1. Where the only charges are on Cβ atoms (+1 Lys, Arg; -1 Asp, Glu), what is the dipole of the stretch 2-136 about its Cα centre, to the nearest 20 debye?
2. Average the reciprocal distances over every distinct pair of alpha-carbons in the chain, invert the result, and give the Kirkwood radius in Å.
3. Starting from the stretch 4-85, pick out the trypsin sites (Lys or Arg not before Pro) whose DSSP state is loop and whose Cβ has at most 14 other Cβ atoms within 10 Å.
4. Using Cα atoms only, what is the angle between the long axis of helix 65-77 and the major principal axis of the chain, expressed in degrees (0 to 90) to the nearest 10?
5. How large is ³J(HN,Hα) for each residue in the stretch 99-110, as worked out from phi by the Karplus curve 6.51 cos²θ - 1.76 cosθ + 1.60 (θ = phi - 60°), to whole Hz, x for Gly and Pro?
6. In percent, what relative contact order does the chain have, based on Cα pairs under 8 Å that are 6 or more apart in sequence?
7. Can you compute the helix-only [θ] at 222 nm over the chain? Use -39500 (n - 2.57) per DSSP H run of at least 4 residues, normalise by all residues, nearest 500 deg cm²/dmol.
8. Which of VAL38, ALA20, ALA52 sits closest to the plus end of the dipole of the stretch 1-71, meaning its Cα is farthest towards the positive end, when Lys and Arg get +1 and Asp and Glu get -1 on the C-beta?
Amino acid sequence: MRERVFGCRKISPGLAAAEAVCSKEEILFYHADFESGVITEKGHDLEGKSIAGKIVVFPGGKGSSVVQADGLYNLVQNDCAPAGFIVRFLDTVLVSTAVVMEIPMVWKVDDSFWTEVRDGDMIKLDADNESVTVIKQ
């Protein structure tokens, strides 16, 4: 087992430890099955994968505030929300939704993080202390 710690910037406070699920595409959380956390957007690189209880590593959000917030709200209500977010780019909709839904979120992670992290890696996200630990099995 190998661990590597990366610096980051806090957006939404909190701690999370979970498996990573990585996307190269922006995500609209309304395109998820609210009872399983599986992404349903046709052609998305996460189509058919569950984000429930995972730390989602992705460029950022997309879509209007109403559908993004509603999508995450429904995931939270069904205990299928992600455990945390690590993003490259900020948008006000995703930021405000993460804060309201109390999902830990960071950005400005060290550049080498983006080439090292893979689906299935364990991640300790400590937004409060601005660190992301990647644990390779």
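Here, each number is a calculation from the coordinates, and none is a lab measurement. In this text, all values refer to a predicted model and were calculated from it rather than measured experimentally. Virtual Cβ from ideal backbone geometry, glycine too; neighbours counted across all protein chains shown.
1. Working: 14 positive and 21 negative charges, 64 e Å.
So the magnitude is around 300 debye.
2. Numbers: mean 1/r = 0.0692 Å⁻¹.
One decimal place: 14.4 Å for the Kirkwood radius.
3. Values: sites: ARG4, ARG9, LYS10, LYS24, LYS42, LYS49, LYS54, LYS62; in loops: LYS24, LYS42, LYS49, LYS54, LYS62.
Passing both the DSSP loop test and the Cβ count: LYS24, LYS42.
4. Compared with the principal axis, the helix lies near 80 degrees.
5. 5, 5, 7, 6, 9, x, 9, 10, 8, 6, 6, 2
6. Working: 342 pairs, mean separation 54.1, N = 137.
After rounding, I find 39 percent.
7. Working: 3 runs with 28 residues, N = 137.
Here the helix-only value at 222 nm equals -6000 deg cm²/dmol.
8. ALA20
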